[in-house]
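The structure appears below as structure tokens.
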Amino acid sequence: MIAAFEWHIFWDRIVHPDHVFAQALWRTVYIAVLAQVFGVALGLVSALMRMSRFRVLRILGGMYVLVVRGTPVIVQIFFIYFGANLFLGFDLVPRTVGLGPVSLSGAVVAGIVALSINEGAYMSEIIRAGIDSVDKGQMEAARSLGMPHGLGMRRIVLPQAARVIVPPLGNEFNNMLKTTSLLAFIGVYELFLDADVHYSSTFKPSEYFAAVAFWYLMLTVIWSVIQAWIEGRLAASERGDQLSFWERVREAWAPVPGRLWGRAAR
Amino acid sequence: MGAGAGPALGKGGEVSAAQPIVRAEEVVKRFGRLEVLSGVSLDVAPGETVCVIGPSGSGKTTFIRCINHLEKIDGGRIEVNGHLIGYREQNGKLVEDSEGNIARQRCEIGMVFQRFNLFPHMTALENIIEAPVRVRNVDKARAVADAEALLDRVGLADKRDTYPGKLSGGQQQRVAIARALAMKPALMLFDEPTSALDPETIGEVLEVMKELAREGMTMMVVTHEMGFAREAADRVVMMDAGRIIEEGTPEHFFTSPDNERTQQFLSKIL
């Protein structure tokens, strides 16, 4: 007998999200955002390492990308959470991690670490391609003006590379929102585990998984709107348009990122 | 920043009354197995404008890129203002200098590129103040005032807040000249500054360069503009196959060149 789809369960999950669900949703979002931010930072560092004058750094950066992109993310998550503790002989990831006023469960921290490391390898490729896309004459001009390599990179090359980096970065974050669901397997109570818990107690897989799919879809749709808006602003600044109200707000409130995003390149 | 007259590191160590701004001795440069410079020697006196001409592939662009160490050299030595460029002497050998020192030396050497290389994400003014503010630590208000004066000098005061993408080639190149001048360099290098320009905008760039030469800036100009060489150069240097094959005053050069290769080249280009 085919079980009938019980619409009221599905609607209830969407229209009346409970408190536990809201926390799970929030956890999914902040894990994705943090892992993406750290992933971009790791990607930048490893991209610069791979473009370094020093062979050792190039090799290290290359190994990182090779190993991380060549292994499944779920294996990396398990390795960090379960494996690393045994491997290192001490608790890399304690049960709870206190960060001043907030304390996070060890699983959440391990999850963020694993996803950041994974993301960094993919961002490394994207950032390197972005830097490569900037005309070599830009760095030569910077150097000819007496700028050391690092300053030229930061002030001249990276702001122009940002234009190329932002669209694929948006796709990466879309992926990240969904990949957080794998953290359910190390016990992080996020969207997917919330659905799984309800499924286990009711044996209504279709309703609960359809509902959680809807919520993931909501997250990615909202993100795609934000992404389009950011890319629109980038395109506008490429044309040398006047700063819009929001760009000026960003300039005023975000001292460093303001340059990287708002005025990035033509 | 090397303002005081340091001891000349030249071979003989002689410090003459008019120490040359540029002293290149037997510069050798190879790209893999191809030797692009086979021992180029040239002195440029303060205030002198030297035009470097020659067929493509003769090494003239490579040569001036060696002078601010955008290219490493494989032999010989280059001094600017008495300071060895790109290398330091260690036990009688030349070792590549630290990045910071090379960057400091480049502050004294302005460079203008064939394809302008303006920073497209900055306005004309921002392009000009970037290096003075970030590298020389000039006060921003002061840098802006200087930049405005420079823009005025190259005839682009009204383009202060324009992005390079909205400027013509000639205007971009004039901003690029102003950007290089903002560092108050002792020497200006021009690498085919008009080769990428539409014919109608070449004149405005050459005008700015002539003015600069008249004001006594020391300049090395790689160019195919023989009119400019004739009018503005104190000396013309002809390169071929990685060597300087002839040098002299413009009058000598364009009326009675000695070298057969020079004669051929000029007959084709003039």
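The values are calculated or read from the model by the stated rules, or taken from the named source; none is laboratory data. None of these values were measured; they are calculated from a predicted model. Using ideal geometry, Cβ is built from the backbone for each residue, glycine included, and neighbour counts are taken over all protein chains shown. Side chains included, ligands, DNA and RNA excluded: accessible areas come from the protein's heavy atoms. Shrake-Rupley method; radii C 1.70, N 1.55, O 1.52, S 1.80 Å.
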Of all accessible heavy-atom area on chain B, the percent that carbon and sulfur account for (1.4 Å) | 47 percent
16 Å reach of a label modelled at B:ALA18, 7 Å along Cα-to-Cβ, counting backbone N of region B:27-57 | B:43-51
Please work out the FRET efficiency for the pair B:GLU96 and A:ILE226, using the Cβ-Cβ distance as r and a Förster radius of 51 Å; give the result to the nearest 0.05.
-> 0.60
Bounding extents of region A:148-238 in its principal axis frame from Cα atoms, largest first in Å, are 62, 28, 13
Which value, in Å² rounded to 10, gives the accessible area of A:PHE185 with a 1.4 Å probe and all protein chains present?
-> 120 Å²
Looking only at B:VAL138, B:VAL40, B:VAL205, which one moves most when chain B is put into a Gaussian network model with springs between Cα atoms under 10 Å?
-> B:VAL138
For B:ILE244, distant residues with modelled amide H under 5 Å away = B:SER41
Helix-only mean residue ellipticity at 222 nm for the protein assembly as shown, each DSSP H run of n ≥ 4 adding -39500 (n - 2.57), per residue, nearest 500 = -16500 deg cm²/dmol
Taking the Cα centre of each part, how many Å lie between region A:187-237 and region B:176-244?
-> 61 Å
Charge tally in the Cβ shell below 14 Å around A:ILE14, where Lys, Arg are +1 and Asp, Glu are -1, A:ILE14 excluded = -4
Dipole magnitude of the protein assembly as shown about its Cα centre (Cβ charges: Lys, Arg +1; Asp, Glu -1), debye to nearest 20 | 900 debye
Average accessible area per residue (Å²) across region B:155-270 - probe 1.4 Å, nucleic acids and ligands excluded = 42 Å²
For region A:3-24 and region A:34-75, distance of Cα centres in Å = 40 Å
If you take the accessible area of B alone, add that of A alone, and subtract the area of the pair, what total do you get in Å², probe 1.4 Å, to the nearest 100?
-> 2400 Å²
B:ASN259 to B:GLU26: FRET efficiency via 1/(1 + (r/R0)^6), r the Cβ-Cβ distance, R0 22 Å, to the nearest 0.05?
-> 0.65
Counting Lys +1, Arg +1, Asp -1, Glu -1, what net charge surrounds B:SER195 among other residues with beta carbon under 11 Å of its beta carbon?
-> -2
Using the Karplus curve 6.51 cos²θ - 1.76 cosθ + 1.60 with θ = phi - 60°, work out ³J(HN,Hα) for each residue of region A:7-20 in order, rounded to whole Hz, and write x for Gly and Pro.
-> 4, 5, 5, 4, 4, 4, 5, 8, 7, 10, x, 7, 5, 4
Which value, in Å² and to the nearest 10, is the accessible area of B:ARG65 when all protein chains are kept and the probe is 1.4 Å?
-> 30 Å²
Label point 7 Å beyond Cα of A:ALA213 along Cβ direction - residues of region A:1-37 with amide nitrogen under 11 Å | none
Roughly how much of A:VAL225 is accessible, in Å² to the nearest 10, using a 1.4 Å probe?
-> 100 Å²
Modelled label-to-label distance, B:ASP198 and B:LEU266, 7 Å Cα→beta-carbon offset: nm?
-> 3.3 nm
